[in-house]
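Here is the structure we will look at, set down as structure tokens.
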Amino acid sequence: MLDLTAMRATLAESYDLAPSMALAEDMRDIHQTMDRVVPLPDFARYAPYIREINRLKREKNAVILAHNYMTPEIYHGVADVVGDSLQLAIEATKVEAQTIVQCGVHFMAETSKILNPSKTVLIPDMQAGCSLAESITAEGIAEMRAKYPGAPVVSYVNTTAEVKAASDICCTSSNAAQIVAALPEDMIIMTPDQYLAQNVAAQVPQKKVVWWAGSCIVHEQYTAKDINDFRALHPDTRIIAHPECPPDVVNASDFSGSTSGIISYVEREKPKEAMLVTECSMASNIADALPEVDFVGPCNMCPYMKKITLEKILWSLHTGTAEVIVDPAIAEKARVAVERMIELSQAIAK
Ligand code: 13P
Ligand code: SF4
């Protein structure tokens, strides 16, 4: 566990991290990407960290891969690549720099390590987990195989390397339905997200989909009643849900897609008002690029994603910690499942 007090003391000795309006003014080009959601005095607190992180990235030959749920100061201030889980996995295979700093949760860092094993992969907080990844182990996969003999296991990338290694193929929220549809078997085991599996089952009625009972603590909180009540008061708001939400929530929404699918939808449709039924940073990160859209309604915070902060990223680059290690034998098997997913989803996209 990180000792935040010691970390802050060391960082303060090594860098000038005092809030600075003058520096914030100098970095206006970066601030303009988050002007609607980060007031300039707040940006003045972030600016010294952004300056040092960007300098250290060059000095240490590192790149930052950041998930769409990172806060705007990370997403716009220091990330080299942003995206959903599938995009980040594909980008990880292309990294040439020696170090990847994964700004996201632990399974994403493991996926980068699995796909590009010669790189050093750092995560700024080892405690950045995921309720889905924690819901199943390799024994759970064996249990499902014993219950449904012959059915292939499609595991969400939100799983540990050990679970990926025990699976036939992975999927993400952006390709799950296509992957399930493309497999030759009639019965498919999907783990560990019961709601993603149920949403896929509705899209691919020709398959019998069975699932593990995991769920995302962020998306399971939404109810169809929330959506219908909101719609009754705001009939013109476009409601857009992540497929980790329960099926009745997805059915009550206008569109459902991966985090990048949601961004593309809003960019394309430019609704006057949009409610993103997902993690809070999503709306914040696209608010400035889409000034014509008002983002309204409730959102939920992912406590794991929010463990990643600018000061922990700076610490990670300063110390070269915390390195994500995956047992090579497990990584080799997990790579087969992830690469099968990437190959199949690229073939389907053609
Ligand atoms: P995406 O693949 O849509 O980015 O989803 C990852 C995730 O953890 C959403 O909760
Ligand atoms: Fe996991 Fe849900 Fe957080 Fe995504 S939002 S990382 S699925 S807990």
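The table for this structure:
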| item | result |
| --- | --- |
| Residue within the range 340-350 that is within 22 Å of Ala62 (Cβ to Cβ) and part of a helix (DSSP H, G or I) present | no |
| Helices (runs of 4 or more DSSP H) wholly inside the range 222-288 that include at least 2 residues being within 16 Å of ligand 2 (Cβ to nearest atom) and either surrounded by fewer than 16 Cβ atoms within 10 Å (Cβ to Cβ) or at negative phi (or both) | 247-251, 259-269, 281-286 |
| When residues of the range 17-47 are limited to those that are part of a helix (DSSP H, G or I) and among the aliphatic types (A, V, I, L, M), the one surrounded by the most Cβ atoms within 10 Å (Cβ to Cβ) | Ala47 |
| In the range 181-225, residue farthest from ligand 1 (Cβ to nearest atom) [restricted to those that are more than 24 Å from the chain's Cα centre (by Cα) and acidic (Asp, Glu)] | Asp186 |
| Residue within the range 278-287 that is modelled with pLDDT of 95 or more and away from ligand 1 (no atom under 16 Å from the Cβ) present | yes |
| Among the candidates Pro303, Pro291, residue that is closer than 26 Å to Ile240 by Cα, more than 16 Å from ligand 2 (Cβ to nearest atom) and in a loop (DSSP other than H, G, I, E, B) | Pro291 |
| In the range 293-322, residue nearest to Pro117 (Cα to Cα) [restricted to those that are within 19 Å of the chain's Cα centre (by Cα) and surrounded by fewer than 16 Cβ atoms within 10 Å (Cβ to Cβ)] | Pro303 |
| Positions within the range 177-186 being out of contact with any strand residue (DSSP E or B) (no Cβ under 7 Å at 6 or more places or on another chain) and of a type in the set (A, V, I, L, M), in sequence order | Ala177, Ala181, Ala182, Leu183 |
| Filter result for Ser345 (closer than 19 Å to Val105 by Cα and among the small types (Gly, Ala, Ser)) | no |
| Qualifying residues in the range 208-219 (those that are surrounded by fewer than 19 Cβ atoms within 10 Å (Cβ to Cβ) and part of a loop (DSSP other than H, G, I, E, B)) - the one nearest to ligand 2 (Cβ to nearest atom) | Ile217 |
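The values are calculated or read from the model by the stated rules, or taken from the named source; none is laboratory data. Source: prediction; values computed, not measured. For neighbour counting, all protein chains shown are included, and Cβ atoms are generated from backbone atoms with ideal geometry for every residue, glycine included.
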